[in-house]
Amino acid sequence: MKKVILLVAMLIVGTTFAQQHEVNVTSKNSWLKIGLNAGVPMGDIDDVSPFALGLDLKGQYLVTPNFGIGLTTGYSHLFGKDGFDDFGIIPAAAFARYYFKPKGLFIGADFGYGFLTNVDNNEGGLYVNPQIGYHNRDWNFYAYYQNTFAENDIDIQVLGIGATYNLRF
């Protein structure tokens with residue numbers, strides 16, 4: 001499954017960047033997204049953590065009025081249950097989003113690597129974060145399913161909601 005996800009991500013990014021066009025960054029097609037998210041751990045990790053809280057930082061460029069690409073990072077903090085330490089995920093990823101209209105529904109996904117913090121014998125792994133949500137000129141509200149396919153066959157899965165604010169430059 002990891003290989004299929006990685007292949008799809010490479011195809012999306014590869015075909016996007018293979019198009020030759022002049023990049024003209026303006027406040028109408030590029031912005032910085034800053035936001036918060038919260039979620040509930042699932043799968044392998046729900047016995048270890050009851051809640052996740054995170055920060056998002058994304059830089060986006062609209063290739064077309066309906067399709068955006070960019071880079072993303074942030075920090076997701078997973079709070080430990082009794083007897084377990086808190087830990088975190090720092091993603092280093094690219095993302096793609098499709099906006100159906102200038103205001104309304106969007107779908108997208110982040111693909112990259114999730115670095116784990118405060119975890120022994122596990123550096124991290126493939127990071128995938130599909131999203132669906134609502135957007136307008138200033139805000140993005142979304143639901144997400146974050147999965148980090150970490151080393152030692154540990155999948156860190158979080159189902160949650162988030163919001164980002166668009167800063168134009």
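Summary table
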| quantity | calculated |
| --- | --- |
| Signed unit charges on C-beta, dipole axis of segment 13-169, positive-most listed residue 108, 125, 52 | 108 |
| Within the chain, helix-based [θ] at 222 nm, where runs of 4 or more DSSP H residues each add -39,500 (n - 2.57), nearest 500 | -3500 deg cm²/dmol |
| Accessible carbon and sulfur surface of segment 117-156 relative to its total accessible area, %, 1.4 Å | 50 percent |
| Crossing angle, helix 2-18 versus the chain [Cα axis fit, 0-90 degrees, rounded to tens] | 20 degrees |
| Charged-residue dipole, Cβ positions (Lys, Arg, Asp, Glu), the chain about Cα centre, Debye nearest 20 | 1220 debye |
| Accessible area in square angstrom per residue, segment 87-131, 1.4 angstrom probe | 45 Å² |
| Average Cα contact separation per residue, the chain, under 8 Å, 6 or more apart, as relative contact order % | 22 percent |
| Pairs of lysine residues in the chain - Cα separation under 25 Å, sequence separation of 8 or more or cross-chain | 10 |
| Where only alpha carbons of segment 102-149 are counted, the Rg and the Dmax (Å) | 14.2, 45 |
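The values are calculated or read from the model by the stated rules, or taken from the named source; none is laboratory data. All values derive from a computational prediction rather than experimental measurement. Cβ sites come from the backbone with ideal geometry, for glycine too, and all protein chains shown count toward neighbours. All accessible areas refer to the heavy atoms of the entire protein, side chains included, with ligands and DNA or RNA removed. Shrake-Rupley method; radii C 1.70, N 1.55, O 1.52, S 1.80 Å.
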